[in-house]
Amino acid sequence: MSSVRIQGMDVSFLDEIEQGGGAFYEGDLQRDCLHIMAANGVNSIRLRIWNDPPGGFCNLERTLLMAKRIKALGLHFLLDFHYSDVWADPANQTKPKAWEALDFGRLTQAVYDYTRLVLTELQAQGTLPDMVQIGNEITPGMLWGDGRVEGEGSDNDSQWEKFAALVKSGIEAAKAVDPDLNMMIHIDRGGDNAASRRFYDRFERLGVEFDTIGLSFYPWWHGTLEDLKNNLTDLALRYDKDIVVVETAYPWTIAQNRELSFIVDKEEQLHAGYPASVQGQADYLRDFISVIQSTPNGRGVGFHYWEPCWIPSKSDWSVGHGNNWSNLTLFDFEGRKLKSLEILKELEIVPNS
């Protein structure tokens, strides 16, 4: 069984948490959250970037600041372009407001120009990402309606060609900044092999050249760990590309809280064998990592846990969001580190090449 190279965390909300007064603790000692993570086996940080988000977090200015902190700790850095002012995911792939009126040619150019601008500015301050996602969970396409390939009569050759052209433009821009940048294409179907093959087969036929497959895997949406294992096995053998499960999470509690409403709050949403407890979360994470390690030919290179520090330090967030993720973190509601984070220290990490 091979060891993962990337033991990562997506901490995109950390900046806003800190600016709003949130704090993190290891035992009784308040510490920088990034330092806590690095001391507990984390070696990679993922950040999303929005074009012009409400509230001003996760934009280029704040990303530049966060990138300095990541690189100061010597951590691997994955940058996730959403190409939107807000969330981009299977239900939402909304164009940035500034791009709404652009025709397809100018939209493709905007993707290129924006991607190159962001990466050039990161490069100029010595914090170029090690890996770059062109789009976030782009199973249904991106930059709707031009790049939409699901629903509303959009699943056709013409739409897929437009979608691929947008992605290729982002890749071309990234490679213009540094031809050695590792390029990831990320979809959400970690436990769905048929959907995964359908997507990546299509990109292969359309000549989209990239380095790493990115998948999201949440048990309450995407199946069992066995489903994930079967998918990773097939994708590794079929495409001979590295794979990172770039989003996952598991609850440490589902106990009702009168102040908080959770996405995962029912027993039937849990994966069999993993109770909603700190120990259950730790066991899930250990077995999840074992699944990645078992991927053929060492192609399962790592993972990122999604928003492990999104504690409920504010009642409302800049993107109009409540605290429905705060039982899926690796810190308790008051920002105290959970024991489940410590299992990463148990695992051998192979240095990133």
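The values are calculated or read from the model by the stated rules, or taken from the named source; none is laboratory data. Because the structure is a prediction, the values reported are computed rather than measured. FYI the Cβ positions are ideal-geometry reconstructions off the backbone, even for glycines, and counts take in every protein chain you see. When the accessible area is computed, the model is the full protein with side chains, heavy atoms only, and any ligands, DNA or RNA have been set aside. Shrake-Rupley method; radii C 1.70, N 1.55, O 1.52, S 1.80 Å.
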What are the ³J(HN,Hα) couplings of the stretch 193-200, residue after residue, when phi is run through the Karplus curve with 6.51, -1.76, 1.60 and θ = phi - 60°? Round to Hz, x for glycine and proline. 5, 4, 5, 5, 5, 4, 5, 6
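Quickly estimate the mean residue ellipticity at 222 nm for the chain, helices only: each DSSP H run with n ≥ 4 gives -39500 (n - 2.57), and the total goes over all residues, rounded to 500. Could you put the intermediate results ahead of the total?
On the way: 10 runs with 120 residues, N = 353.
Taking each H run of at least 4 residues, the total per residue is -10500 deg cm²/dmol.
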Quickly work out the Gln19-to-Ala98 label distance, labels modelled 7 Å from Cα along the C-beta direction, and quote it in nm with one decimal. 1.7
Output wanted: per-residue J couplings in Hz (rounded whole) for the stretch 272-289, from phi through Karplus 6.51 cos²θ - 1.76 cosθ + 1.60, θ = phi - 60°, x for Gly and Pro. 3, x, 10, x, 7, 8, 4, 5, x, 5, 4, 5, 4, 5, 5, 6, 4, 5
Check: C-alpha center the stretch 54-81 vs C-alpha center the stretch 144-222, spacing in Å is 23
Under 13 Å from the Cα of Lys97 - aspartates and glutamates, other chains or at least 8 residues apart: Asp52, Asp85
Sequence-distant or interchain residues sharing an amide H contact under 5 Å with Gly147, placed H: which? Met142
Among Glu26, Glu346, what's the order by accessible area (1.4 angstrom probe), most exposed first? Glu346, Glu26
Sparse-neighbour loop sites [GluC sites (Glu not before Pro); the stretch 133-190; at most 14 other C-beta within 10 Å; DSSP]: Glu150, Glu152
Along the Cα→Cβ direction, 7 angstrom out, place labels at Glu152 and Asp211. What is the inter-label distance in nm? 3.5
Label points 7 Å out from Cα along the Cβ direction at Leu73 and Ser290: separation in nm? 2.8
Solvent-accessible area of Asp85 with every protein chain in place, 1.4 Å probe, in Å² to the nearest 10: 20
If you roll a 1.4 Å probe over the stretch 6-345 with all protein chains in place, what percent of the accessible area is carbon or sulfur? 45
Treating cross-link reach as a plain straight distance, find the aspartates and glutamates whose alpha-carbon is under 18 Å from the alpha-carbon of Lys162, omitting any fewer than eight places away in the same chain. Glu100, Asp103, Asp113, Glu137, Asp146, Glu150, Glu152, Glu172, Asp201, Glu204, Glu209
For Arg48, which sequence-distant residues (separation of 5 or more, or a different chain) have an amide H within less than 5 Å of its own amide H, given hydrogens modelled in the peptide plane? Ser12, Asp80
Candidate lysines - alpha carbon under 29 Å from Lys71, same-chain residues fewer than 8 apart omitted: Lys168, Lys175, Lys241, Lys314, Lys337, Lys339, Lys345
HN-Hα couplings for the stretch 151-161 via Karplus (6.51, -1.76, 1.60; θ = phi - 60°), in whole Hz with x for Gly/Pro, come out as x, 6, x, 8, 7, 9, 4, 4, 5, 4, 5
